[in-house]
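Notes follow once the structure below has been shown.
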Amino acid sequence: MLFTSPNDKKQFTTNQIDRQTLTYTDCSKKFYQVSRDYSKQYAHIYSARLNTFRDILEPIIKHKWSNKYKVLKLCELREKNTLCVIIGTLFKLQQLKPSILKELSDQLEIIPQPASIVLEDELQRIKLTSNCIDVHEVVTGVVVAILGSEDEDGIFTIKDVCWPGCGIQEPLPKLDRDRYIILLSGLNMASKTADHLFSLNLFLEWLAGFCGTTQYQEEISNIVRIIVAGGAFANHTNETTLNESDVIAAAESVDAFSAAVSTIAPLDLMPGIKDPSGIMLPQKPFHYCLFPKAVEFKSFNRVSNPYECDIGGFLCLGTSGEPMKDIMKYSKLDNQLEIMKRTLQWRHIAPTCPDTVSCTPCVDSDPFTISNCPAVYFSGNCSEFATELFKGEDSQVVRIVCVPDFCDTKTVAIVNLANLECHSMIFL
């Protein structure tokens, strides 16, 4: 071992290079402490979301349209063809979306209608029509402010749209040296094929500093954190459901990998939709009993999905990929980078929860609202590596990363916090 972990007290006789560190804070409290009262209905989360975004949108509306137009609730619409602003949640009507009502309509031979969108608040909904919003580029659950008027037929014609936009971003610190975080996902340890395990061992050797010259090893020592964005046991492409024997067999391998990484650098392990964790978002951290070896290291962290943390003053936020894949299912958006940019503009990490993505019936708040604009925004278990530097209207700078499935691509993403540059590395 050429590198020593910051919390490793053992002494080695070989020449060592100290692993660099940055301050770390787990900011996922809202995901850990979310209300899990399953006696409640999902109307509460939509109500909480709408109330939160009303507060967010009101100053943005003033800045965009000043005080020219009244901001009304749907029940306050009285005068026809009079311009006003309404705030509500978009609901997308789609004939092919699974629905018990659709099954009933099939039995009654009711002709399905083409996709359309309505806006709803706590009391009622209204149908929308306009060229300002492309029905195929939005999804259910997005809260928006709309300028327009209601016609005689009760249809609201949109003149302009105001999206929530990126939240406030704290000033990013200046680093005098490179500091890297590694993002990977989809280890798929429960897979019956083991062709990717050789690549995983190469990754461990590279991380431990067994490759390259001393100068290169010093560069690798600047890796301050590794985040596994879901799929440690099984990735999204694994169509089979894990049984108890699969989990037990894979648990030893996942534990051994986690312990090996944790001896070298801090590791944050997120669950995914196919992993042995609750299926509803936000997913709780893995149970500690799955990691008898890894839990011995202070550098090993079992974290939630979604996951938010502060690394040296840089806010990092991401999921294991379920919300982005679901948006692709129910829209014509097929580029994951573009979808991630849209979620930043919508200021919501999982707008289709709880409509088509399972989530806990939150009562008082919506944990998926993006409170503060992150510096690094990632989505795991993607089909390929992709990245882009997103710039918001108020000078926010966000490094967006599509983290590839390691089992299929043998690829990890490397983000330099000093300049937010990002590149991939393949282990073959």
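A compact table of results
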{"item": "Unmet criterion (only one of (1) within 30 Å of S221 (Cβ to Cβ); (2) modelled with pLDDT under 95; (3) in contact with a Cys (Cβ under 8 Å, 6 or more places away or on another chain)) for D408", "result": "(3)"}
{"item": "The one condition in (1) over 20 Å from L315 (Cβ atoms); (2) crowded, with 19+ Cβ neighbours inside 10 Å; (3) of a type in the set (D, E) that D366 fails to fulfil", "result": "(1)"}
{"item": "Failed condition for A249, given (1) hydrophobic (A, V, I, L, M, F, W, C); (2) open to solvent by less than 10 Å² (accessible area, probe 1.4 Å); (3) at pLDDT below 95", "result": "(2)"}
{"item": "Any hit, region 2-10, residues being at pLDDT 80 or above, among the charged types (D, E, K, R) and within 18 Å of V224 (Cβ to Cβ)", "result": "no"}
{"item": "Hey, S35 touching a Cys at 6+ places or on another chain (Cβ under 7 Å), of a type in the set (G, A, S), modelled with pLDDT under 95 and closer than 24 Å to D364 by Cα or not", "result": "yes"}
{"item": "Cross-chain or 6+ apart pairs with Cβ under 9 Å, region 394-407 first and farther than 19 Å from I339 by Cβ and open to solvent by 10 Å² or more (accessible area, probe 1.4 Å), then aromatic (F, W, Y) and outside any loop (DSSP other than H, G, I, E, B)", "result": "V397/F390"}
{"item": "Region 56-82, subset surrounded by 11 or more Cβ atoms within 10 Å (Cβ to Cβ), touching a Leu at 6+ places or on another chain (Cβ under 8 Å) and among the hydrophobic types (A, V, I, L, M, F, W, C), residue nearest to Q345 (Cα to Cα)", "result": "W65"}
{"item": "Residues satisfying the stated conditions in region 37-49, i.e. buried (at least 18 other Cβ atoms within 10 Å of the Cβ) and of a type outside the set (F, W, Y)", "result": "I45, A48, R49"}
{"item": "Residue ID - farthest from S245 (Cα to Cα), chosen from residues in region 192-217 that are open to solvent by 70 Å² or more (accessible area, probe 1.4 Å) and at pLDDT 90 or above", "result": "E205"}
{"item": "Residue match in region 271-283 (condition: surrounded by fewer than 21 Cβ atoms within 10 Å (Cβ to Cβ), in contact (Cβ under 8 Å) with a residue 40 or more places away in the chain and basic (K, R))", "result": "no"}
{"item": "Filter pass, V143 being touching an Asp or Glu at 6+ places or on another chain (Cβ under 9 Å) and either more than 25 Å from R342 (Cα to Cα) or hydrophobic (A, V, I, L, M, F, W, C) (or both)", "result": "no"}
{"item": "The lone exception for G318 - which of (1) open to solvent by 20 Å² or more (accessible area, probe 1.4 Å); (2) in contact with a Phe, Trp or Tyr (Cβ under 7 Å, 6 or more places away or on another chain); (3) part of a strand (DSSP E or B) it fails", "result": "(1)"}
{"item": "Top-ranked residue in region 24-55 [being β-branched (V, I, T) and in a helix (DSSP H, G or I); ranked as nearest to L281 (Cα to Cα)]", "result": "I45"}
{"item": "Region 114-128 - residue that is in contact with a strand residue (DSSP E or B) (Cβ under 7 Å, 6 or more places away or on another chain) and modelled with pLDDT under 90 and, of those, surrounded by the most Cβ atoms within 10 Å (Cβ to Cβ)", "result": "A115"}
{"item": "Residues of region 130-169 that turn out to be at pLDDT below 90 and part of a strand (DSSP E or B), as a count", "result": "0"}
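The values are calculated or read from the model by the stated rules, or taken from the named source; none is laboratory data. Since the structure is predicted, the reported quantities are computational estimates derived from the model, not experimental observations. Backbone-built Cβ (ideal geometry, glycine too); neighbour counts: all protein chains shown. Side chains are part of the model used for accessible areas, which takes the heavy atoms of the whole protein and leaves out ligands, DNA and RNA. Shrake-Rupley method; radii C 1.70, N 1.55, O 1.52, S 1.80 Å.
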